[in-house]
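> There's a structure below that I have some questions on.
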Amino acid sequence: MSEENNDEQLQKMRHSLAHVLAQAVAELFPGVKFGIGPAIENGFYYDFDLEHHFTPEDLPLIEKKMKHILGQAQKFERVELSRADALKHFGEKGEKYKVELINDLPEGSVISVYRNGPFEDLCKGPHVEHTGKLKAFKLASIAGAYWRGSEKNPMLQRIYAVAFQTPAELDAYLKQQEEAAKRDHRKLGKQLDLYSINEMIGPGLVLWHPNGARIRHEIETYWKDEHFKGGYDLVNTPHIGRAGLWETSGHLGFYKDSMYSPMDIDGIEYYAKPMNCPFHIQIYQNSARSYRDLPLRWAELGTVYRFEKAGVLHGLLRVRGFTQDDAHIICTPEQIEAETIEVLRFSMNLLKAFGLTDIKAYLATRPEGAVGEPARWEEAQKSLRAAADKEGVPVELDEGGGAFYGPKIDLKVKDAIGREWQMTTIQFDFNEPERFGMEYTGADGQKHRPYMVHRALLGSLERFFGVLIEHYAGNFPMWLAPVQVKVLNITEEEEGYAREVMAKLKAAGLRVAGDLRHDTVNAKVRDAAMHKLPYLVVVGKKEKEAGTITLRLRGNKSVFGVSLDEFIAKAKTEAAEKALVSSYQE
C-alpha cells in the first residue's frame, strides 16, 4: 500500500472510531447532544453537550463500551437525505448543532448520514466497512472547546483519543508520549532553574534565569563566531519603527492582527517590530550599491514581538516576544544558487553541532496570486532544490505552498525520541525589494533589482532552547551546561582540598560549583543529580592523600583515582571541541 493510500486508510479508521466514541457516550450518558468528531493528527476527538461533566475516571468506562461496540462488527451504512428531510430528522431529535451545520451547507449539497448499529451521525464519510476493523486506540484527555471555535458559542466537552493501525504502533506512540512528558521543557525549565514566565510581566514573555542565560550565551557566541567565519556581518536594529515603515513593507496591510497596538511618540505612530527585514533593507538603502558590493550577508539576533492568542502560548515553544537568529542575503541573480547552497550547508552544520542530525527538507513552491516574475520563481525554486540535492537532504515537495512573495525551504529535525521540529527557514522574497525600490548598479551601468533571501537557521532562540531541553532531557553536553563540574567533599576534613580543586578547575576556565555542606555525600549526590550536571568531582580521604579525584558521571558511572591535571585537560578539550559525549563515557 502506498504512503498516500495508507494515510487515507488511517484517517478513515480514526474518523470511524470517532463515531464509535460518540455511540459509546450516547449509550452511557442518555440525553447527550453531538457536535463534531473529526480525525486529527495521531487520532481523533468528539465534542459533546451534556449536563454530566466528564472526569478522567469516565474514560476507562467509555473505552470499555467502545471495545464492546468494536466486537459487534457493526456495519457502517451511508444514507442520503434531502435538505428538508435532514433538517426535520435532526430537528426532531433535538440535535441543534447538526441542524446548524445542515443550514450552513450550500443549496444542492448532498447530505449524508452514516449509521452503525443504533447510532447515526451527519457525516460525509468515508468509513471502514464495519467496527470490527477498528482496534488500536486509546482515549487520552478531556478538554473544553467552544462550538465552532467561537467564544460567543456554548462551551462543549471534548474527548481526545489517539489511534493507529496496529497495537504495536499505538504502543510505540504512547511510550513516546510518556517519554515526552518526562522531557517537557516547562517542567525541566523549573527543575534546572533555566527560565520563567511571570504573569505580572505578561504571558508569552520569557525571563532567562542565570542558568538559562549562560546556555543562551554559549549558543549566541557559537552562532556569532560561525557567522563571522561564514562571511556574514552582524547588524543591530531598534525594537520599534514608525508606522510608515510597516506600511511600505506591507506588514500593516497583511500582518496587522499579529502586531501590537501602536505607540504615540511625538504625534507619530510607532509599532513594536514583528520582523527585522524592513530595518535591514533601510541599512541597504543608506548607500548606493554596486554589483561589486554583492552579495551582502547581514545577520542579527533580533528580538521581535508578535501577538499570539493566550490559548496557543506554550512555554518556550510559542511566545509573544522572541529573538530570531535572523539574516538577509542580498545578491545578484547570478549569485543566488551558490548563496542558497551555502546557506543550506551552513544550516546543516549548525544544527549538527547541537546534536540534531536527522534532518529533512520541505520545499514550498509558487502559489496562485504570487508576486514576482514566474522566471524568478522558477530560478529560486531551482536554487532551493539544487541546494538540498547537493547536501543530500531528503526533500518533500509542497506544490503551491509558498508564500505569495516567494518560495521557501524548511528544514525539520527529529529529536532524540523521534519527534519532528521545524528549525531552518530559507525564504525568497520578491515583494519587499519591489516595495522599497531596492536597486544596485550592474556591470552594464544600469539599475537592477537584487534578489533577497530571508533565513533563520535556529528559528528563534526561545523555541530552539525549548527543543534542546527536550532533546537532551536537560542533560546538556558539557560545552552548553551552565555548570560543568560540581565538587563535593565527603567529610569536613576534605573541605580545604575541595576548595583547592575548585580553584584549579576555575583557573582552567571551567564553570564550577561546589557543595561543601556538612551533609552526607549521598545526599549531595542526589541533589546534584537533580541538576543533571555533566561531572561531579568527589573528594574524600583517599583522594586528598593521593592528590586525585573521583569522577561521577551522568548515569551513575564512577571513575576512581583520576589525576586532576588529566581531567582538566580532557574537560577543556571536550568543551573546546563542543563534544556531545564525554570522553569518559566512550
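The values are calculated or read from the model by the stated rules, or taken from the named source; none is laboratory data. This structure is a prediction, so every number in the text was calculated from the model and none was measured. We place every Cβ from the backbone using ideal geometry, glycine too, and count neighbours over all the protein chains shown.
> Just to verify a result, which residue in region 194-222, among those that are touching a residue at least 40 places away in the same chain (Cβ under 8 Å) and of a type in the set (D, E, K, R), is surrounded by the fewest Cβ atoms within 10 Å (Cβ to Cβ)?
Glu220
> Within region 307-356, how many residues are closer than 30 Å to Glu199 by Cα, in contact with a strand residue (DSSP E or B) (Cβ under 8 Å, 6 or more places away or on another chain) and not hydroxyl-bearing (Ser, Thr, Tyr)? Spell out the reasoning first.
Step one: list which residues in region 307-356 are closer than 30 Å to Glu199 by Cα, which gives 307-326.
Restricting the remaining residues to those that are in contact with a strand residue (DSSP E or B) (Cβ under 8 Å, 6 or more places away or on another chain) gives 308, 312, 315-316, 319-326.
Among the residues that remain, those that are also not hydroxyl-bearing (Ser, Thr, Tyr) are: 308, 312, 315-316, 319-322, 324-326.
The total comes to 11.
> Kindly provide the set of residues from region 523-566 that are within 42 Å of the chain's Cα centre (by Cα) and at positive phi, ordered by number.
Lys532, Gly555, Asn556
> What residue, among those in region 90-118 that are of a type outside the set (Val, Ile, Thr) and buried (at least 19 other Cβ atoms within 10 Å of the Cβ), is farthest from the chain's Cα centre (by Cα)?
The selected residue is Phe90.
> Something else now. Take residues that are over 21 Å from the mean Cα position of the chain (by Cα) and tell me which of the strands (runs of 3 or more DSSP E) falling wholly in region 190-260 contain 2 or more.
240-242
> Do we have Gln427 as within 29 Å of the chain's Cα centre (by Cα), in the same structural domain as Thr323 (by TED's automatic domain parsing), at pLDDT below 95 and over 19 Å from Ala180 (Cβ atoms) here?
Yes, satisfied.
> On to the next question. Based on what the data block shows, is Trp223 farther than 17 Å from Val304 by Cα and of a type in the set (Phe, Trp, Tyr)?
yes
> Still on this model: Could you tell me which of the residues Asp527, Asp565 is within 23 Å of Arg499 (Cβ to Cβ), among the acidic types (Asp, Glu), in contact (Cβ under 8 Å) with a residue 12 or more places away in the chain and in a helix (DSSP H, G or I)? Lay out the reasoning, then the answer.
Details: Asp565 fails: in contact (Cβ under 8 Å) with a residue 12 or more places away in the chain.
Of the residues listed, the single one that is within 23 Å of Arg499 (Cβ to Cβ), among the acidic types (Asp, Glu), in contact (Cβ under 8 Å) with a residue 12 or more places away in the chain and in a helix (DSSP H, G or I) is Asp527.
> Just checking: which of the helices (runs of 4 or more DSSP H) contained wholly in region 359-472 hold 2 or more residues that are in contact (Cβ under 8 Å) with a residue 12 or more places away in the chain, surrounded by 19 or more Cβ atoms within 10 Å (Cβ to Cβ) and among the hydrophobic types (A, V, I, L, M, F, W, C)?
374-391, 461-472
> Within region 480-498, track down each residue that is hydrophobic (A, V, I, L, M, F, W, C) and under 17 Å from Ala508 (Cβ atoms). Give the derivation first.
First pass over region 480-498, keeping only residues hydrophobic (A, V, I, L, M, F, W, C): 480-481, 483, 485, 487-488, 490, 498.
Listed by number, the residues that qualify are Ala481, Val483, Val485, Val487, Ala498.
> Shifting gears a bit: Taking region 462-498 only, how many residues are closer than 22 Å to Arg345 by Cβ and aliphatic (A, V, I, L, M)?
Residues that pass the stated criteria total 2.
> Within region 125-152, work out how many residues are in contact with a helix residue (DSSP H, G or I) (Cβ under 7 Å, 6 or more places away or on another chain) and of a type in the set (A, V, I, L, M, F, W, C).
Going through region 125-152 one residue at a time, the tally reaches 6.
> Now a separate question. Go through region 264-290 and give me each residue that's surrounded by 12 or more Cβ atoms within 10 Å (Cβ to Cβ) and more than 30 Å from Gln446 (Cα to Cα).
Those that are surrounded by 12 or more Cβ atoms within 10 Å (Cβ to Cβ) and more than 30 Å from Gln446 (Cα to Cα): Glu269, Tyr270, Tyr271, Ala272, Lys273, Pro274, Met275.
> Let me ask something else about it. Can you tell me which residue is nearest to the chain's Cα centre (by Cα) among those in region 299-320 that are in a strand (DSSP E or B) and surrounded by fewer than 19 Cβ atoms within 10 Å (Cβ to Cβ)?
Out of the qualifying residues, it is Arg318.
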